[in-house]
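Below is one structure, written out as C-alpha cells; comments come after it.
Taken together, the values in this text are just the output of simple stated rules run on the coordinates, not laboratory data. Keep in mind it's a predicted model, so treat the numbers as computed, not measured. Backbone-built Cβ (ideal geometry, glycine too); neighbour counts: all protein chains shown.
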Amino acid sequence: MSDISVIKYELTPLRTESNYEDFRHPEEITRSNDLLLDSQRRDFTINCMYYTNAPYKAEYISSLDKKNIHNYSDDETFLKRLDDHGYLYIKDLALLIIQDHKHIAKLFDKGMYDDVHLKTILKSATVFMISTNKKNLALNTKHLTLRILVDPHKGIHDCIHKRLKAVGDPDKRFTEDALRIIRAIRFVNVLNEKLKNC
C-alpha cells in the first residue's frame, strides 16, 4: 500500500463584511465577485491566496518571452523578481503567480479570469524554471491546466520567510474578530512543530 499525503483545504465564498458587532461576527455579509475587496477582510496574508486554473492553450505558452527565462537559484532572487514585476510564471509547474493589484482587477473583472488579459500577462511575465532536467518538462499537454495563484498581500513572501502577518492593520484585524488571536497562536504553534520535524 502506498503512502498517501492528505492536503486539507478550507474554502469560503468571496464576500464583503460590515462592522463587527461583538468582536466576532460582522453585522452584515454581502456576496461579491471582487477578489481584492474580499482579500481586505481576511485575517493573515498566508490565508489570503486564491487559486484557479484555466484549460491549457498552446498560445499561452507560445506567447512566453523565451529571452526572459531564468533558472530558479534561490528564494530571495525569486521574491525580488516577483516584487519587480508583480507576477511571474513557473514553467515546469504551469503556474502563474500574480500579486499586482491592477492586473488582478483586470484579470478577474467579472469574477472569472479574462482570457485576453491572461495572454497579455503571460507575454511579459518573467519565467522561472525550477527543474534543470529537460526530460521533466516534456509535459502531456492533453490534460495540462494553467494554474493561477493570486496573492494580493504577498502571502508567498511570508510563507518563504516563515512569518505570520496580518492583512492590513493588525489592531483592526484582531479587534474585528478576537478569535484571530487564538488562530495566530495555533498557526505559530503548528507550523513551528512541523518545522522542527523537517
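Here are some notes:
- Using a Förster distance of 41 Å, the FRET efficiency for Asp65-Asn19 (Cβ separation, nearest 0.05): 0.30
- Given R0 = 22 Å, the distance between the Cβ atoms of Ile29 and Val188 translates into a calculated FRET efficiency of 0.20.
- In segment 1-86, the GluC sites (Glu not before Pro) that fall in loop regions by DSSP, at most 13 other Cβ within 10 Å: Glu10, Glu21, Glu27, Glu28
- 19 Å Cα-Cα reach of Lys119 towards aspartates and glutamates, excluding residues that sit fewer than 8 places from it in its own chain: Glu59, Asp65, Asp92, Asp100, Asp109, Asp151
- Relative to the longest principal axis of the Cα atoms of the chain, the long axis of helix 179-196 lies at roughly 50 degrees.
- A DSSP coil position with no more than 14 other Cβ atoms inside 10 Å describes the following trypsin sites (Lys or Arg not before Pro) in segment 75-116: Lys110.
- Derived scalar couplings ³J(HN,Hα) [segment 82-90; Karplus, 6.51 cos²θ - 1.76 cosθ + 1.60; whole Hz; x for Gly, Pro]: 5, 5, 4, 10, x, 6, 7, 10, 9
- Working note: Karplus 6.51/-1.76/1.60 with θ = phi - 60° gives segment 108-120 the couplings 10, 4, 10, x, 10, 5, 9, 4, 5, 5, 4, 5, 4 Hz, where Gly and Pro are set to x.
- Segment 58-63 - phi-based ³J(HN,Hα) in whole Hz, Karplus 6.51/-1.76/1.60, Gly and Pro as x: 4, 5, 4, 6, 5, 7
- Sorted fewest first by neighbouring Cβ atoms within 10 angstrom, Leu179, Leu79 come out as Leu179, Leu79.
- Cross-link pairs beyond the 32 Å C-alpha cut-off, checked among Lys66/Lys165; Lys110/Lys165; Lys8/Lys106; Lys110/Lys172: Lys66/Lys165
- Whole-Å semi-axes of segment 36-132's equivalent ellipsoid (Cα gyration tensor): 22, 18, 11
- Filtered trypsin sites (Lys or Arg not before Pro), segment 1-34: DSSP coil and at most 13 other beta carbons within 10 Å: Lys8, Arg24
- Among beta bridges from DSSP that stay inside the chain, the antiparallel ones total about 60%.
- The Ile181 and Thr145 beta-carbon pair, evaluated with R₀ = 41 Å, returns a calculated FRET efficiency of approximately 0.60.
- Full extension of the chain segment joining Lys123 with Leu93 gains 9.1 nm, where the gain is 0.36 nm per residue of separation less the Cα-Cα distance.
- Cα centre as origin, Lys/Arg/Asp/Glu Cβ charges: segment 28-193 dipole, Debye: 520
- Amide H within-cut-off set for Leu64, under 5 Å, with H built and near neighbours excluded: none
- Computed over segment 28-193, the ratio Rg/Rh where both radii use C-alpha atoms and Rh is Kirkwood: 1.00
- Put simply, the amide H of His70, placed in the peptide plane, has neighbours under 5 Å in Val127, Phe128, Met129, leaving out anything fewer than 5 places away on its chain.
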